[in-house]
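Report on the structure given below.
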Amino acid sequence: MTFKQLFSKLRRIDLEKYGPLFALVILFIISAIASPYFLKTRNLLNILRQVSYTGIIGLGMTFVIIAGGIDLSVGSMTALVGGIMILTLNHFGGGVSAILIVLLVGILLGSAAGALNGIIITKGRVAPFIVTLGTMAVFRSLTLYISNAGEFRSSSNIYPELGMGSLLEIPNPVWIFIILAVLCAIILNSTKFGRYVRAVGSNEKVATYSGIRVGRVRFLTYVFVGVMVAISALLLSSRLNSISSSNAAVNYELDAIAAVIIGGTAMNGGSGTIFGTVIGAIILGIVNNMLNMLGISPYLQGTVKGIVIIGAVLIQKKKNNT
């Protein structure tokens, strides 16, 4: 095969669909060259574990953004739900049955918090950015109030096994992230709800004329991201066996949104993939890992994330204009 033929085949590849994957491969190669420790199995598993928490939230955020919304409250929501989970766990004794109750309580609470955002946005007709900016402050404030600005500490000896345990040497959070990603991909690509989400984000008026209940679809996306927040809060709180009211899940909203945007989901809604979000989350994890390995200040990680988000949005804008 000549170079010209190879180049012609590469041009026919859907870069919009596989661009994030190409970026991940290039970043992976650069990281492997830059640090001899990058390819260590322990390091790779640590990266996957770290991105699982925000990645799970990113799965729900994908539905919200495709539907034309955004949720800035997911970080504070994670801290609040995680804190109440630990209080519930301690109340019921910390056994296996208590953990099941905690999961149920967490999902109900996360759904309720997401529903609060959804109701105000759809019924109150307030911009998602404003609503979730407000609830971000409310959820964090409630977390600080309930804990008296301290920590929620679990008294259970088996709870940490959920977040710290592994199966086939792969951490539990990674397995759950993978399973949820597959389920979310099926929902987005193969169900009526997934088609409605894309339709609402593409053109709200056309969706309305087609008989789609736009408000209901948008409302359900916020409930859905609340469920994802609850699962992430369960894994995070069980890993640490505690939740800090002031520091837990700080900037999770930035990481989740960044993963979605880097993965190719359009900021103005209508298109996006779960696969892209997973790739975007891993890209962020590798970037953070390499900054640490190269001895670059952790305070610059936010700068890198911001640049990556802006770059991804600029690329999307350029595609839309061509």
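The values are calculated or read from the model by the stated rules, or taken from the named source; none is laboratory data. Not measured: the values here are computed from a predicted model. Neighbour counts run over all protein chains shown; Cβ positions are idealised from the backbone, glycine included.
Summary table below
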| read-out | value |
| --- | --- |
| Of the criteria (1) part of a helix (DSSP H, G or I); (2) farther than 26 Å from Gly276 by Cα; (3) in contact with a helix residue (DSSP H, G or I) (Cβ under 9 Å, 6 or more places away or on another chain), which one Val126 fails | (1) |
| Close pairs from the range 195-221: first aromatic (Phe, Trp, Tyr), partner assigned to a loop (DSSP other than H, G, I, E, B), Cβ under 7 Å, at least 6 apart | Tyr196/Ile212 |
| Selection count, the range 250-268, where residues are surrounded by fewer than 22 Cβ atoms within 10 Å (Cβ to Cβ) and outside any helix (DSSP H, G or I) | 5 |
| Among (1) in a loop (DSSP other than H, G, I, E, B); (2) free of Cβ contacts under 8 Å to residues at least 24 places away in the same chain, the one test that Leu72 misses | (2) |
| Per-region count, the range 53-74, residues hydroxyl-bearing (Ser, Thr, Tyr) and surrounded by fewer than 24 Cβ atoms within 10 Å (Cβ to Cβ) | 0 |
| Tabulated pairs, the range 81-106, first at pLDDT below 90, second of a type in the set (Ser, Thr, Tyr) and assigned to a helix (DSSP H, G or I), C-beta under 8 angstrom, 6+ apart or interchain | Gly94/Tyr159 |
| Residue count, the range 123-141 (criterion: of a type outside the set (A, V, I, L, M), crowded, with 22+ Cβ neighbours inside 10 Å and more than 29 Å from Leu89 (Cα to Cα)) | 1 |
